[in-house]
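The values are calculated or read from the model by the stated rules, or taken from the named source; none is laboratory data. Values in this document were obtained by computation on a predicted structure and should not be read as measured data. Cβ placement follows ideal geometry from the backbone for every residue including glycine, while neighbour counts extend to all protein chains displayed. With ligands, DNA and RNA removed, areas are computed over all heavy atoms of the protein, side chains included. Shrake-Rupley method; radii C 1.70, N 1.55, O 1.52, S 1.80 Å.
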Amino acid sequence: MTKIVVDGTEVDVPPEYTLLQASELAGAEIPRFCFHERLSIAGNCRMCLVELKGAPKPVASCAWGVRDCRPGPNGEPPTVLTKSPLVKKAREGVMEFLLINHPLDCPICDQGGECDLQDQAMAYGVDTSRFHENKRAVHDKYIGPLVKTSMNRCIHCTRCIRFVAEVAGVPDLGATGRGEDMEITTYLEHAMGSELQANVADLCPVGALTHKPQAFNVRPWELAKTPSVDVMDAVGSNIRVDARGKEVMRVLPRVNEDINEEWISDKTRQHVDGLRLQRLDRPFLRENGRLRPASWNEAFAAIAARVKAADPSRIGAIAGDLAGVEEMFALKLLLESLGSKNLDCRQDGSVLTPAHGRGSYLFNPTIAGIDDADAILIIGSNPRLEAAIINQRIRKRWRTSPLPIAVIGPQADLTYPYAYLGAGPDTLVELVGGRHSFNDVLSKAERPLIILGAGATARSDGAAILAAAAQLAGAIGAVKDGWNGLAVLHTAAARVGGLDLGFVPGEGGLAAPAMVAAGSLDVLFNLGADEIDIAPGAFVIYQGTHGDRGAHRADVILPGAAYSEKSATFVNTEGRVQMTNRAVFPPGDAREDWAILRALSDVLGKRLPFDSLPALRRALYGQHPHLARVEQVAPAEGAPALRQLAALGGWPGREPFGPVIRDFYLTNPIARASRVMAECSALLGAPSALQAAE
């Protein structure tokens, strides 16, 4: 530790700290525009100037290290002044320069109310300017459907350039020209190609980059802000849902160092128009081949007539990818009371099951644990599309200290270099047998990480692949005291919660692929499962939010609440229990899903044992105590789960691992209802997206 005096306060700081970090540790406030804690240091805005005793002029505190400071003439600790007249005059001068070319756009700027330049001009600027020359003009650039440019406002902080190059790993943005002629652009003015691109608008301190879908729609002080959790994938990114009246206006990230740091994917951020489009807002009943609006009593009566006439063995339920734990728990209790064992939360046909222990289906090292890995093997997964935030975390680990990364499966641009070992299970079998050159890399690693994606587990030979991965993990020491390197990467927000509940077939019960086959069931409860095709024959009760694939096949539609319209529990891929909060109310006659099931149970004569959400959660926590530990990751079995998986045996097939997600922007009913997501998808050339955009 090194001693340094900041405004008369002596503090001990690590020598690698900058003066900005040391000053903030001492309680001083340092303004900045170009500096950001998660980006490399640029030192080009000069707003963070401080006075360093002995230095001939003010120094940029973001770029000056504590170890570079010289002691006083008698060995005194270095002294920094952040409020001296020299510093005040320097900051006023810097602010005056920054405002030379800045237009008077504040009344119409979407950054108004959240603008760093506004705030710092008030705090550190002066009320006059010595410059009378004409302001420069810069043409606005097209950089995609998500980010709006007003480049007259740009102060060349280069945060956006550093983000796309360092964090996103897609160096689309750059600077051309020098001095006053410098411009931020994508060179050929094409759309940025990152799934994280909209974060640049959050980083922009002046309003040169703003969120295009929200342009001129709302002011920040009009919004009610609700902390929540993202359900667009299984990462569980922490978000804030901002609503005005009954409409969600935007989604912003919340800082959580263990999950998403302060980034979110573009789908997480810009799906919000999908929350109000194509919504189911009343019950529907199919008569003579057509759906007609119905009352709740009519819908429940039609369901009761079919359920009571059906044999329990021919009744089933499938839970979709956006279902909360509470409604899955209620549906499971209802099916059990009807005597049915046909229930499944794995509509993709995954072989993962709670029978082998919780450690058999979790991202066991945790998302933050990626930072500790020293060798990574990815099997049957494209994390850039399946979990963009986890892919960014892997890139961050690679940038911190390059490590060996290898892939078995689809070959794709993951934004970091990797060794491509092969396309299918043959390569995995070679690794298990110790016949591959990458075995040495994995064996020498102290904390090897094996990421197993849905492309490997959602196959007919998924159990054999899972067993082979477990055998490999055991052979290289990936599971040991203090480290569990077997990581299952899910793509569905509801999947881990469903597996925790045991929402899988009971003994003799049917799995999802069998339930949707022709002639297998008489009655099927579909809790928002829109990614699976149901054959004709069964009477389908669809409970969901959007007029998507599941609603088209339904005989009865019960309108439910989206994640932003209810308080619900979700468990992310690492097993962390989190909760959404209601930001707005469901539209029309739509209701929370657990309440619909509770009302339906009365009509079926199988009344569920709760009348309120707290009562439901008491019953839930009684059966599954770990779900009460919100914001925590309950420890899972390591070695026992590994042994059970390895004992599954079997021989994998030779078919290559296929992509699980072909269109990043259209993976669930909310995203498919979004015009913004359709426009993003259309840029990728997906035919379905082009049709949706039209």
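For K135, a cut-off of 24 angstrom between C-alpha atoms picks up these lysines, skipping any fewer than 8 places away in its own chain: K89, K148. Look at the alpha carbon pairs under 8 Å that are at least 6 residues apart: their mean separation over the length of the range 435-536 gives a relative contact order of 22 percent. What does DSSP give for the chain in terms of the percent of beta bridges that are antiparallel, rounded to the nearest 5? DSSP beta bridges in the chain are roughly 55 percent antiparallel.
A simple count of charges around K308, restricted to other residues whose Cβ falls under 12 Å of its Cβ and scoring Lys, Arg +1 and Asp, Glu -1, yields 0. Amide H contacts for A406 (H built 1.01 Å from N in the peptide plane; partners 5 or more residues away or on another chain; cut-off under 5 Å): I376, L377, I378, A419. Would you tally the net charge around G560, using a Cβ to Cβ cut-off of less than 14 Å, leaving G560 out, and scoring K and R as +1, D and E as -1? Charge balance near G560 sits at -4. The range 445-485 and the range 292-330 have Cα centres separated by 37 Å. Within the accessible area of the chain, the carbon and sulfur atoms contribute 51%, probe 1.4 Å, all protein chains present. Of all DSSP beta bridges confined to the range 1-95, the antiparallel ones make up roughly 85%. Taking label points 7 Å from Cα along the Cα-to-Cβ direction, K88 and R254 give a separation of 4.0 nm. By the rule of a C-alpha distance below 23 Å, with chain neighbours fewer than 8 residues away ignored, the lysines paired with K341 are K308, K332, K606. For a paramagnetic label modelled on D481 (point 7 Å from Cα along Cα→Cβ), amide N atoms under 14 Å away are absent within the range 360-380.
Annotation: amide H-H contacts under 5 Å for A317 (H modelled 1.01 Å from N, sequence separation of 5 or more, or interchain): L343, D344, F525.
Pairs of Cα atoms under 8 Å, at least six residues apart: use those to get the relative contact order of the range 12-136, whole percent. After rounding, I find 23 percent.
With the convex hull built on the Cα atoms of the range 562-634, state its orientation-averaged projected area in nm².
Orientation-averaged projected area of the Cα hull: 5.7 nm².
Working from label points 7 Å from Cα in the Cα-to-Cβ sense, the A639 to N581 distance is 4.3 nm. Take the Cα radius of gyration of the range 564-694 and divide it by 2.2 N^0.38 Å, N being the number of residues; the result is 1.50. Computed on the chain, with alpha-carbon pairs under 8 angstrom and 6+ residues apart, the relative contact order is 14 percent.
Sorting 482-493, 530-541 by their mean Cβ neighbour count within 10 Å, with the most densely packed peptide first, gives 482-493, 530-541. The orientation-averaged shadow of the Cα convex hull for the chain, equal to a quarter of the hull surface, comes to 33.7 nm².
Phi angles of the range 63-75 translate, via the Karplus equation with coefficients 6.51, -1.76, 1.60 and θ = phi - 60°, into HN-Hα couplings of 10, 10, x, 4, 5, 8, 7, 8, x, x, x, 10, x Hz per residue; Gly and Pro are given as x.
Histogrammed with a bin width of 10 Å, the alpha carbon distances of the range 213-298 distribute as 15, 36, 23, 18, 7, 0 percent, first bin at zero. Most tightly packed first, judged by the mean number of other beta-carbon atoms within 10 Å of their residues, the peptides 424-434, 201-211 read 201-211, 424-434. Across the range 177-184, computed HN-Hα scalar couplings (Karplus, 6.51 cos²θ - 1.76 cosθ + 1.60, θ = phi - 60°) run x, 9, x, 5, 8, 5, 9, 8 Hz from first to last residue, x flagging Gly and Pro.
Computing FRET efficiency as 1/(1 + (r/R0)^6) for I41 and E222, where r is the C-beta to C-beta distance and R0 is 45 Å, gives about 0.80.
When peptides 669-678, 651-660 are sorted by average Cβ neighbour count within 10 Å, with the highest value leading, the order is 669-678, 651-660. Looking at the range 500-654 alone, DSSP beta bridges between its own residues are antiparallel in about 35 percent of cases. FRET efficiency for S443 and E631, Cβ-Cβ distance as r, R0 = 51 Å, nearest 0.05? FRET efficiency, S443 to E631: 0.90. Per residue, the chain exposes 40 Å² of accessible surface when a 1.4 Å probe is rolled over the protein heavy atoms with every protein chain present. So for the range 1-138, Kirkwood radius off the Cα pairs, Stokes-Einstein at 20 °C and 1.002 mPa s: how many µm² s⁻¹? In µm²/s, the coefficient is 132. Using the Karplus relation 6.51 cos²θ - 1.76 cosθ + 1.60 with θ = phi - 60°, the per-residue 3J(HN,Hα) values for the range 205-221 come to x, 10, x, 5, 10, 10, 7, 4, x, 9, 4, 6, 9, 7, 10, x, 6 Hz, with x marking Gly and Pro. A DSSP coil position with no more than 14 other Cβ atoms inside 10 Å describes the following trypsin sites (Lys or Arg not before Pro) in the range 213-274: K246.
Provide the net charge surrounding V13, with neighbours chosen by a C-beta distance below 12 Å and charges set as Lys +1, Arg +1, Asp -1, Glu -1. Intermediate values should be presented prior to the final figure.
Numbers: positive: K3, R67; negative: E10, D12, E16, E24.
So the surrounding residues net to -2.
Under a 5 Å amide H cut-off, with hydrogens placed 1.01 Å from N, R250 pairs with D242 among residues at least 5 apart or on other chains.
Model label sites at D119 and E298, defined 7 Å from Cα along the beta-carbon direction, differ in position by 5.4 nm. For the range 486-603, just say rounded, prolate or oblate: build the C-alpha gyration tensor, square-root its eigenvalues into a ≥ b ≥ c, call rounded for a/c under 1.5, and beyond that prolate if a/b exceeds b/c, oblate if not. Cα axes put the range 486-603 in the oblate bin. Taking each residue as 0.36 nm, the span from R130 to R675 lengthens on full extension beyond its C-alpha to C-alpha distance by 191.5 nm.
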